[in-house]
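Q: If you scroll down you'll find the structure; I have some questions about it.
The values are calculated or read from the model by the stated rules, or taken from the named source; none is laboratory data. Small disclaimer: the values here were computed from a predicted structure and weren't measured. FYI the Cβ positions are ideal-geometry reconstructions off the backbone, even for glycines, and counts take in every protein chain you see.
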Amino acid sequence: MTDIAQLLGKDADNLLQHRCMTIPSDQLYLPGHDYVDRVMIDNNRPPAVLRNMQTLYNTGRLAGTGYLSILPVDQGVEHSAGASFAANPLYFDPKNIVELAIEAGCNCVASTYGVLASVSRRYAHRIPFLVKLNHNETLSYPNIYDQTLYASVEQAFNMGAVAVGATIYFGSEESRRQIEEISAAFERAHELGMVTVLWAYLRNSAFKKDGVDYHVSADLTGQANHLAATIGADIVKQKMAENNGGYKAINYGYTDDRVYSKLTSENPIDLVRYQLANCYMGRAGLINSGGAA
């Protein structure tokens, strides 16, 4: 505990001594070795989805804890391969991406169809694969910010993947189309027994106001999580909340004063707890983004 306190520095007491007075923990479905049996057993997912979710939870250094560590490497498309791999050119070779995930003891490796397909025969039985179905790319000029399908659910299934993932830019002009596409893809993935993971990110220039970036506001990201769970995401990937009150600051949409007075506080633990509450109180798992690449 001393080492953790040193790492947290001046924030140590605020985080380690915090006692939540917002949403009680007994109302949440929290991680545990029995998460699939305790929580997922209630839903309508086919047995193969439960099996593959348990495979994720039983792999890597966190096996048996109910927590997940996923290595996501799709930056070759999202940020360009040169920008992503010039510092370590060996990662132009997909083999080394998968080997890194194995050596690190991750529960899963997530990447593009091309990356994982190129080494699937050698590695699909050694570490769970999560195929990212859609991507933004920055080669188009001028740059646009949209998510385009690069692969099908069937392609992921045929290479032996246990899960598929996708991004929706909630709040963007393109979000309605993305919701329709990914809802259909997740339905098909469940039919084939695969776990579904949604990167539920916000994107709209209006979400930055008066020097505050409300793309990481608890109330807005919480609603993105709720929409992700609505279309069948088994796991929601979200940026950790850094502020709150996006609805009020931007003056749009619907909210309630009790979101800010009773369900959240300024403590980041409570902000993340509100994000989890929007994942059907934890019936859909929540995994935080590791930050900018």
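Q: Just name the residue that is nearest to residue 70 (Cα to Cα) out of those in the range 194-213 that are in contact with a helix residue (DSSP H, G or I) (Cβ under 9 Å, 6 or more places away or on another chain) and surrounded by fewer than 17 Cβ atoms within 10 Å (Cβ to Cβ).
A: If we take residues in the range 194-213 being in contact with a helix residue (DSSP H, G or I) (Cβ under 9 Å, 6 or more places away or on another chain) and surrounded by fewer than 17 Cβ atoms within 10 Å (Cβ to Cβ), then 213 is nearest to residue 70 (Cα to Cα).
Q: Can you tell me which residues in the range 115-145 are farther than 18 Å from residue 237 by Cβ, of a type outside the set (A, V, I, L, M, F, W, C), touching a helix residue (DSSP H, G or I) at 6+ places or on another chain (Cβ under 8 Å) and modelled with pLDDT of 95 or more?
A: Answer for the range 115-145, where residues must be farther than 18 Å from residue 237 by Cβ, of a type outside the set (A, V, I, L, M, F, W, C), touching a helix residue (DSSP H, G or I) at 6+ places or on another chain (Cβ under 8 Å) and modelled with pLDDT of 95 or more: 118, 122, 123, 126.
Q: Another question about this same structure. Would you pick out the residues in the range 105-137 that are part of a helix (DSSP H, G or I) and touching a residue at least 40 places away in the same chain (Cβ under 8 Å)?
A: Within the range 105-137, 113, 115, 116, 117, 120 qualify.
Q: Please go through (1) at pLDDT below 95; (2) surrounded by 17 or more Cβ atoms within 10 Å (Cβ to Cβ) for residue 270 and return the number of the only condition it doesn't satisfy.
A: It fails just one condition, (1).
Q: Specify which of the listed residues (165, 171) is within 19 Å of residue 206 (Cβ to Cβ), under 18 Å from the mean Cα position of the chain (by Cα) and in contact (Cβ under 8 Å) with a residue 24 or more places away in the chain.
A: Result: 171 is the single residue among 165, 171 that is within 19 Å of residue 206 (Cβ to Cβ), under 18 Å from the mean Cα position of the chain (by Cα) and in contact (Cβ under 8 Å) with a residue 24 or more places away in the chain.
Q: Of the conditions (1) crowded, with 22+ Cβ neighbours inside 10 Å; (2) part of a strand (DSSP E or B); (3) in contact with a Ser or Thr (Cβ under 8 Å, 6 or more places away or on another chain), residue 189 satisfies every one except a single condition; which number is it?
A: In the conditions (1) crowded, with 22+ Cβ neighbours inside 10 Å; (2) part of a strand (DSSP E or B); (3) in contact with a Ser or Thr (Cβ under 8 Å, 6 or more places away or on another chain), residue 189 misses (2) alone.
Q: Still on this structure, I have one more. What number goes with the only condition from (1) in contact with a helix residue (DSSP H, G or I) (Cβ under 7 Å, 6 or more places away or on another chain); (2) part of a helix (DSSP H, G or I) that residue 71 does not pass?
A: Just one mismatch for residue 71, condition (2).
Q: Name the pairs whose Cβ atoms lie under 6 Å apart, with the first residue in the range 257-275 and closer than 20 Å to residue 289 by Cβ, the second assigned to a helix (DSSP H, G or I) and of a type in the set (Asp, Glu), and 6 or more positions between them or separate chains?
A: 264/270
Q: Can residue 234 be described as at pLDDT 95 or above, among the charged types (D, E, K, R) and under 30 Å from residue 83 (Cα atoms)?
A: In short, no.
Q: Shifting gears a bit: Confirm whether residue 66 is in contact with a His (Cβ under 6 Å, 6 or more places away or on another chain) and either buried (at least 18 other Cβ atoms within 10 Å of the Cβ) or under 27 Å from residue 36 (Cβ atoms) (or both).
A: Details: in contact with a His (Cβ under 6 Å, 6 or more places away or on another chain): yes; either buried (at least 18 other Cβ atoms within 10 Å of the Cβ) or under 27 Å from residue 36 (Cβ atoms) (or both): yes.
So residue 66 passes the test.
Q: Report, by residue number, each residue of the range 1-58 that is under 21 Å from residue 218 (Cα atoms), in contact (Cβ under 8 Å) with a residue 60 or more places away in the chain and of a type in the set (A, V, I, L, M, F, W, C).
A: 15, 20, 21, 23, 28, 30
Q: Restricting to the range 35-50, name every residue that is in a loop (DSSP other than H, G, I, E, B) and closer than 25 Å to residue 160 by Cα.
A: 43, 44, 45, 46
Q: Is the range 202-218 home to any residue that is modelled with pLDDT of 95 or more, of a type in the set (Ser, Thr, Tyr) and within 19 Å of the chain's Cα centre (by Cα)?
A: Checked the range 202-218: at least one residue is modelled with pLDDT of 95 or more, of a type in the set (Ser, Thr, Tyr) and within 19 Å of the chain's Cα centre (by Cα).
Q: Which condition number in (1) over 26 Å from residue 281 (Cα atoms); (2) polar (S, T, N, Q); (3) under 26 Å from the mean Cα position of the chain (by Cα) is the one that residue 22 fails?
A: Residue 22 satisfies every listed condition except (1).
Q: How many residues are under 20 Å from residue 259 (Cα atoms), out of contact with any Gly (no Cβ under 6 Å at 6 or more places or on another chain) and among the polar types (S, T, N, Q) if we restrict to the range 164-222?
A: Residues that pass the stated criteria total 1.
Q: I would also like to ask the following. List the residue pairs whose Cβ atoms are under 9 Å apart, where the first residue sits in the range 202-226 and is farther than 20 Å from residue 288 by Cα and among the aliphatic types (A, V, I, L, M), the second is part of a helix (DSSP H, G or I) and modelled with pLDDT of 95 or more, and the two are 6 or more positions apart or on different chains.
A: 206/214; 206/250; 212/246; 212/249
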